[in-house]
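Read through the structure below, which is laid out as structure tokens, and then see the notes.
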Amino acid sequence: MFPAVRMRRLRSLKLIRETWLSTDDLILPLFIDENIEGENKKPIDSMPGQYRFSIESAVKEVLEAYSMGIKSVLLFGIPARKDETGSEAFNTEGVIQRAVRRIKKEADDVVVITDLCLCEYTTHGHCGLVENGQVVNDPTLEVLGKIAVSHAEAGADIVAPSGMMDGMVKAIREKLDEEGFTDTAIMAYSAKYNSALYGPFREAADSGYKFGDRSSYQMDFSNAREALREVELDIKEGADIVMVKPAIFYLDIISEVRARFDVPLAAYNVSGEYLMITAASEKGYLNREEVLMEGLTAIKRAGADLIITYFAKDVAEVLRQR
Ligand code: PBG
Ligand code: ZN
């Protein structure tokens, strides 16, 4: 008798739901601006609902997120001084180093992840050192190692190199181990595409570049197999967690990386993805909560274990109300 199988029978049962979002899987990115004093924070125009924090207000934000169940944060620093080589990035009294110490002092069990890159610290805004108008790979590696050690010294649990330099994971692992930080983990931005969706972030982090573009080091969005090679290399170099970035336009990449490799996989739900949903819902065209939950669930369904998202607190709030 047709139809013996009726898919409708179980459809409304959460019992058979395959994918669950949990605050345990979410990482909240935070921008910490050395130019902001005291307890102040400044709204970011390009990302409504997001702020640049002073160190003190960042500590408050981390504690608030923690109380909502968000136990991991990814820190971006905006230094008061930039130079050609980004030397503020490894200053032991730099904004990130001080922020990490403060956060770890207030809440030791928050997982503190630090973005490890030069673009917020250099006057030219590129993710590596620049020589004769070119971003140069190998000389950058040494600087990245220094920054990693300064973050680990401050107490970072995980460093997250985001500059897509070849060999960066190996260089950082070696340097960390040499200095005794064998327990500091590396979350590598392994398959990071050269994406127009980073636009809002560059205002948020003041990391826009002054010339050229990032296509000499970030991936062409037309390529998928290349992402698998990037991930494979990072795992060989010692990455503890690999990442695909952006997330929602790149679900095929997430799912393929998940199928091929057995390391924890993070996906970065980037600023442009945040902005599209936020702007459309502000206009009343989309339902913010429904769309963000659908988008983030899709990222998990594709195979990501961890999601870095500006929506982390929104998710916590939605889950609480259920
Ligand atoms: C820079 C960096 C970028 C992001 C994270 N780290 C931007 C870029 O590569 O230009 C993007 C994050 C986002 O858009 O939310 N190393
Ligand atoms: Zn960068």
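No value in this document is a laboratory result; all are computed from the given coordinates. Small disclaimer: the values here were computed from a predicted structure and weren't measured. Neighbour counts run over all protein chains shown; Cβ positions are idealised from the backbone, glycine included.
Below is a table of values for the structure above.
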| quantity | calculated |
| --- | --- |
| Residue with peak Gaussian network fluctuation, the chain [Cα springs, cutoff 10 Å], from Ala107, Ala205, Ala302 | Ala107 |
| Two-decimal Rg to Rh for the chain - Kirkwood Rh, Cα set | 0.98 |
| Other-chain or far-sequence residues with amide H under 5 Å of Asn91's (modelled H) | none |
| Mean separation of Cα contacts under 8 Å (6+ apart) over length of the range 226-283, as relative contact order % | 35 |
| Estimated inter-spin distance, Met276 and Phe221, nm [label 7 Å along Cα→Cβ] | 0.8 |
| Amide proton proximity set for Val270, modelled H, under 5 Å, gap of 5+ | Ala247, Ile248 |
| Simple label model, 7 Å out from Cα along Cβ direction - Glu294 to Ala4, nm | 3.5 |
| Alpha carbon centroid spacing (whole Å) that separates the range 248-322 from the range 77-128 | 26 |
| Potential lengthening between Glu179 and Ile16 on full extension [0.36 nm per residue; Cα-Cα distance subtracted] | 53.8 nm |
| Value at 222 nm in deg cm²/dmol, rounded to 500, when DSSP H runs of n ≥ 4 in the chain each add -39,500 (n - 2.57) | -11500 deg cm²/dmol |
| Subset of Lys105/Lys283; Lys41/Lys236; Lys146/Lys210 violating a 32 Å alpha-carbon distance limit | Lys105/Lys283; Lys41/Lys236 |
| Full-extension gain in nm, Leu319 to Glu93, via 0.36 nm per residue minus C-alpha separation | 77.5 nm |
| Neighbour-count ranking [beta-carbon atoms within 10 angstrom, fewest first] of Leu296, Leu275 | Leu275, Leu296 |
| Filtered GluC sites (Glu not before Pro), the range 69-106: DSSP coil and at most 16 other beta carbons within 10 Å | Glu84, Glu93 |
| Highest-first arrangement of 279-286, 41-48, where packing means the average Cβ count within 10 Å | 41-48, 279-286 |
| Overall dimensions of the range 32-97 as given by Cα atoms, namely Rg and Dmax in Å | 12.8, 40 |
| log10 of Debye I(q)/I(0), alpha-carbon scatterers only, for the range 1-126 at 0.14, 0.15, 0.19, 0.23 Å⁻¹ | -0.66, -0.73, -1.05, -1.36 |
